[in-house]
1. Straight distance only, please: which aspartates and glutamates reach the Cα of B:K120 with their own Cα at less than 14 Å, same-chain residues fewer than 8 apart left out?
2. Return the average number of partner chain Cβ atoms within 10 angstrom of each residue Cβ along peptide A:806-812.
3. Of A:K680/A:K712; A:K348/A:K670; A:K182/A:K826; A:K259/A:K747; B:K59/B:K134, which ones are farther than 24 Å apart at the Cα?
4. Would you please put A:883-889, A:402-408, A:940-946 in order of how densely packed they are, using the mean number of other Cβ atoms within 10 angstrom per residue and starting with the highest?
5. What figure, in Å² to the nearest 10, do you get for the accessible area of A:L438 with a 1.4 Å probe and non-protein molecules left out?
6. For the protein assembly as shown, what is the calculated [θ] at 222 nm in deg cm²/dmol (nearest 500), taking -39500 (n - 2.57) for each run of four or more DSSP H residues and dividing by its residue count?
7. Please report the base-10 log of the normalised intensity I(q)/I(0) for region A:142-207, using a Debye sum with one equal scatterer per alpha carbon and no solvent, at each q in 0.16, 0.25 (1/Å).
8. If you count, for each residue, the other Cβ atoms within 10 Å and average over each peptide, how do A:443-456, A:102-115, A:868-881 line up from highest to lowest?
Amino acid sequence: MMDVGRHPHIKLFTHTEVLEVTGKAGNFKVKILHRARFVDENECTACGDCAEVCPVVAPNEFDEGLGLRRAIYSPFSQAVPSAYIRSDMDCLGTNPIACGKCVEVCQKKCVNLDMPDKIEVLEVGAIIVATGIDYYDPREASEYGYTRFQNVVNSIELERLLSPSGPSGGKLVRFTDQKPPKRVSFIQCVGSRCIRRDIPYCSRICCMNAVKSALLIREMYPDAQIDIFYIDIRAFGKGFEQFYQRALQEGNINFVRGKPSRLEEDPKTGDLIILSENVETGKTERLRTSMVILSEAVVPAANSHELAKVLGARTDARGFFLPKDACGDPITSTNEGIYLCGCSTGPKDITDSIAEASGAAVRAAQYLSPYKLPEVKEEIPDYDISGPLRVGVFVCHCGSNIAGVLDVDMLKIYAASLPDVVFSDNLLFACAESTQRLIQEKILENKLNRVVVAACTPRTHEPIFRETLRKVGLNPYLLEMANIRDQCSWVHGMNPVSASAKAKDLIRMAVAKARNLEPLEQQEMEIGHNVMVIGGGISGLETAIQLAKRDYTVYLVEKSKQVGGWVKELRILYPSGMSGQELIDTKLKEINKEKIKIFTEAAIENISGFVGNFEVTLRAANGKPAPETLQVGAIVIATGFELYGPSKGEFGYQKYPNIITNMELEYLLKPQDKFIFQNKPLKHVSFIQCVGSRGPDGLPECSRYCCQAAIKQAIALQKMGIQATVFNRDIRVYHHEAETMYREARKLGVTFIRYTPENPPKLVGDKQLKALQFREPVLKKDIEVPTDLLVLSVGMRPSRKSIAEIQRFIKVPLGMDGFVLEKHPKFGPVETNIEGVFICGCIQGPKDISDSIGQANAVAAKVDALLARSTILMEPITSVINEELCRGCGTCVDVCEFGAISLQEKEGAQVALVNEALCKGCGTCATYCPTGAIDIRHFRDQQIESMLKAFLLEEDRV
Amino acid sequence: MAKKIPVKDFEPKIVVFACNWCSYPAADAAGINRMQYPPNVRIIRTMCMGRVNPGHVLKAFEMGADGVLVSGCHFEDCHYSFGARKAAEQYKKLEQIVRMLGFEKERIRQEFISAAEFPKFVKVVREMVEQVQKLGPTPLKGVRKVPSRKQVESIMESPPS
Ligand code: FES
């Protein structure tokens, strides 16, 4: 929000509606209505004086009505814009009694009760729909008594109750008696996956959300009993399965399969009775619990239908926008020039939404001028830092994330007592927009020349505060952060006294380092505008297509004879019904031959250089001559995955001749109408899911694609008159339409049988597999499912070979699952730790086609954002040589594998010389230098030492 | 060296050097996941584990640290490819020096913790605190004291000899 709020190229209109759209792609006219907020947005400093005098009290929407607000208020504490807003409904105004207190009290005269609504017409090239979701009203599911029974809450209310800055201060208590609940029961799929309620799809986010909340409650109340009633646990995202397993093992959470039929309330105690069928015994049981959380479904944003009409785009019956092709192009709407992202097309989690958002951005950008960004010249004032040190310390509360644990007032006073500190203050949210301005004011007012922000982690927020400094002209490298949230209040929440003591140390250490900081200047560097895409599967192709549309030259490298990867092998894609080859062909048609050069049967010989200036040498995979060297500004790695290969004997693989993998089945099914195996017609085919997924051998997490693939195959078989049975652990069809396909499969007669890893189905048969045997829980009997052919649905796994190949030149880090680790699981899914190197598709983790295409678009957007300028700024954190101490031994030259240091003749002696464009500032050379001639900017020996000293020696000094 | 009696309730001071790309984010992730560990450690961030040389660790001990943990990426993950490997070489040297100086090798520890392995970070910190607690305060405690402000002033005033 912050980034959007202050971006020079983004104009943000809140409290605004779209009335009318005319024109066509590239040239839309959009009529919008600014609803009056009655407070001048640009002038308001969010001081809160107006709310203080407001006599009206109304329920706070942000807290789901659990908390209160005034008639003039800030919607929530990190709101952007931070300006207050007046609710016309609640305000007394001048009628019937004249109030107007807020108008009087506002010193800046921002409040205007007569502010009119305004209509404006904007000219735009493209439109992106990101209208998100609303929540299903659980009152419709009346059997659960939401609002009739006080101790039944929905998941959003729970979210607010658990939030430290929420209405209850982060304490979960029952509404009836304000006491902590002894037992909390979650009910999943309230509304979701239910035709009767007109929500035929899976809401995707609720499983993980319930598990996360359950763990939070577990932490809060170690002795409480926690149950989750579920149909399937759909932990399909990267790392989700491991999280779920952790909840199973450490969380002591009781997972119950089945959906309760009804709730009853015990009016005396406020306790709730859950009536549910025990799937093991088939009997209905009554279970007493103190609190019930309903995981309600996600529905399209209100007014989606109307908006769709205005935009001329289509939605489904429920109101989710329809993409042109849900599988091959999930971002384009049915109206050219209008793009969709996030939950506007169906429920999605943060990671997938963010990827799609970037993707929509690059599509929209194609209607704008070519990639070159206008160079904005900014006026940065001069700032004099000479003279004695003047350190300012800002202690952030981060709502109650910090202030709830640490004694922040004491910290402020303590900070003021430290050497050279001339100013210290508390901030509610240091990162809030208005606070940034406040910090700048304080810097100027107090003539600060070093700044310490004690808040969260510098890994995410250092760039923000550096920018704050830069804007007033203070060199951004004169900032130091003390991480008192992630590494203090959050990890010592149980121990507030020691945590406060530790925070004192951390602040003292940060001040010590700040006193030793020096200003650093960033160098500008020219960058290249070609892009290398490694891997010619669907992800690589899509990336190349999108980048070419933005006018970049793309080199696409593919190791095999043809592009198209796994997708071209697929018989049929859901829901479009086209074949994999057809999808690839449509994509190939979009390839602009002038802009995209495809190298097939090629491999990487060498990669050198750095962001903006990589040099890639290619080699023909099969000895063909002519290696090529290409200059590129960015590299996208899209080398995909490998299928898990079951070891011999795993589920009878290669022991019985009639056991194959799902990919082998796909090949067999290719000639559409006849399907014979071992020259015989088949009657019964069984599938076993999760082979090589969600377990110790193979991938620890869910492979995402296999449930949908198996159902698709089962439907095909069933239609040929073959009985299909799917042995599964959970059915994880999370895509919007996939639930419908699952329902169709059941209607056609596909049988779904649950198994657990401890009790897998047993194989029956001598030479040929004859049947699969499993234990029926209700009948308590072993049952045999006749099986002529067994299909193992194998998971995805990282392709070690191609990853190792890349890692020879680019050290992308790997996650615990062996896939390449993204920069941030939620906010940076396509970036890597290395600037200028991006990933997309299954190299980052299992994905299906539409997810991969979404990511490919995202990567194109990120590359575009990086290369759409002529120069980039280089990090000034590099090594420096003290030439007086250097005796030219060359140790550093050998140590540095970036080749950044060389020996140079100077005044008759050899001295080391650092190439700052190549130096990455790791500091290893300094460690090896025998004379101590090398130091690292921003991490100088003296700076490190000052922190040690502050921690260990100066404790009681002040 | 005098025999050390493990002090009860002794709260050791432990310095952690953590690299910017793996171990420091792991420590952050421990926070995001609200995992709890004893508040005895102070993390000093460096860009890479390769930056930390034996000198820094010895300085910490000289100033009275009871233990030092040096943590970075796994070899394959190091953001600078060779930094972690080189740091492991340096660490061998450090171990030798510590042995030579004659204090317990359990006071130092090197770990390779990736950004995803925050539970490992927590485990290592817990173990380290426990171990150092058993060893008792560092034998070097009080070797180096900070001169009081007065002393500093008087030194500054007296002409250099
Ligand atoms: S960057 Fe982590 S050890 Fe080098």
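The values are calculated or read from the model by the stated rules, or taken from the named source; none is laboratory data. The structure displayed is predicted, hence computed values, not measured ones. Backbone-built Cβ (ideal geometry, glycine too); neighbour counts: all protein chains shown. Calculation scope for accessible area: heavy atoms of the full protein, side chains included, ligands and nucleic acids excluded. Shrake-Rupley method; radii C 1.70, N 1.55, O 1.52, S 1.80 Å.
1. Within the straight-line cut-off, B:K120 pairs with B:D28, B:E111.
2. Values: counts 0, 3, 1, 1, 1, 10, 3.
Taking all residues of A:806-812 together, the mean is 3.
3. A:K348/A:K670; A:K182/A:K826, as the Cα separations exceed 24 Å there.
4. Numbers: A:883-889: 15.0, A:402-408: 22.0, A:940-946: 18.4.
In decreasing order of mean packing, A:883-889, A:402-408, A:940-946 become A:402-408, A:940-946, A:883-889.
5. 60 Å²
6. Mean residue ellipticity, 222 nm, calculated: -8000 deg cm²/dmol.
7. With one equal scatterer per Cα and no solvent, log10 I(q)/I(0) is -0.65, -1.17.
8. Result, highest mean first: A:443-456, A:868-881, A:102-115.
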